[in-house]
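Chemist: Pasting in a structure now, in structure tokens, and then I'll have a few things to ask.
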Amino acid sequence: MNSVISISEAASIAIHGMELLALNNRKMNVKEMAEVFRVSEAHLAKVFQRLARSGLVISTRGPGGGFSLTREPSQITLYDIYRSIEGEREAEACILRTSTCPFGNCIFGGLLKEITDRFITYLKGHTLEDISRE
């Protein structure tokens, strides 16, 4: 089933992986996480390298190495994670991905902006700790 809100596989892996770290409250390596989600180790590693560059996780090399959160789960919003993978969301994004609408006004009115705004508000209002409790 298709969804109106589209989240890339990388963003999904990032959010789920960060939640896994929060729930386990310990360092985890790529192999462990990839097995849980049944995704490519290489893809998961690339996603977590981006999270590390964003300062959300720290990477430790070698035996016993892996990734761990840099802050408490209550201090990391879902939007922090999403933004580190997807970048900032455009306020008025066109589904045709053009800078101007060929019809002058969007045929969906303000619906797409409203849905996007609600989605971003949700991400900003929920932390890893919040979803751990749910």
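The values are calculated or read from the model by the stated rules, or taken from the named source; none is laboratory data. On a predicted model such as this, the values are computed, not experimentally measured, just so you know. Positions of Cβ are generated from backbone atoms using ideal geometry, with glycine treated the same way; all protein chains shown enter the neighbour counts.
Chemist: If I ask for residues that are surrounded by fewer than 19 Cβ atoms within 10 Å (Cβ to Cβ), modelled with pLDDT of 95 or more, assigned to a loop (DSSP other than H, G, I, E, B) and out of contact with any Gly (no Cβ under 8 Å at 6 or more places or on another chain), which ones from segment 65-76 would you list?
Modeler: ARG71, GLU72
Chemist: Select from segment 23-51 the residues that are part of a helix (DSSP H, G or I) and among the polar types (S, T, N, Q) and write down the one among them that is nearest to ALA10 (Cα to Cα).
Modeler: GLN49
Chemist: Can you give me the number of residues within segment 52-64 that are among the polar types (S, T, N, Q), assigned to a strand (DSSP E or B) and closer than 21 Å to ALA11 by Cβ?
Modeler: Total satisfying the criteria: 1.
Chemist: Mind counting the residues in segment 1-35 that are β-branched (Val, Ile, Thr) and surrounded by 14 or more Cβ atoms within 10 Å (Cβ to Cβ)?
Modeler: Count: 4.
Chemist: If you don't mind, there's one more thing I want to ask. Out of segment 83-111, which residues are closer than 30 Å to PHE48 by Cα and at pLDDT 80 or above?
Modeler: ARG83, SER84, ILE85, GLU86, GLY87, GLU88 - these are the residues of segment 83-111 that are closer than 30 Å to PHE48 by Cα and at pLDDT 80 or above.
Chemist: Sticking with this one: Residue check, SER74 against (1) free of Cβ contacts under 8 Å to residues at least 12 places away in the same chain; (2) among the polar types (S, T, N, Q); (3) touching an Asp or Glu at 6+ places or on another chain (Cβ under 6 Å), all met but one. Which one?
Modeler: With respect to (1) free of Cβ contacts under 8 Å to residues at least 12 places away in the same chain; (2) among the polar types (S, T, N, Q); (3) touching an Asp or Glu at 6+ places or on another chain (Cβ under 6 Å), SER74 is out only on (1).
Chemist: Kindly indicate whether any position in segment 45-64 is within 14 Å of the chain's Cα centre (by Cα), among the hydroxyl-bearing types (Ser, Thr, Tyr) and exposed (fewer than 13 other Cβ atoms within 10 Å of the Cβ).
Modeler: Scanning segment 45-64 turns up no residue that is within 14 Å of the chain's Cα centre (by Cα), among the hydroxyl-bearing types (Ser, Thr, Tyr) and exposed (fewer than 13 other Cβ atoms within 10 Å of the Cβ).
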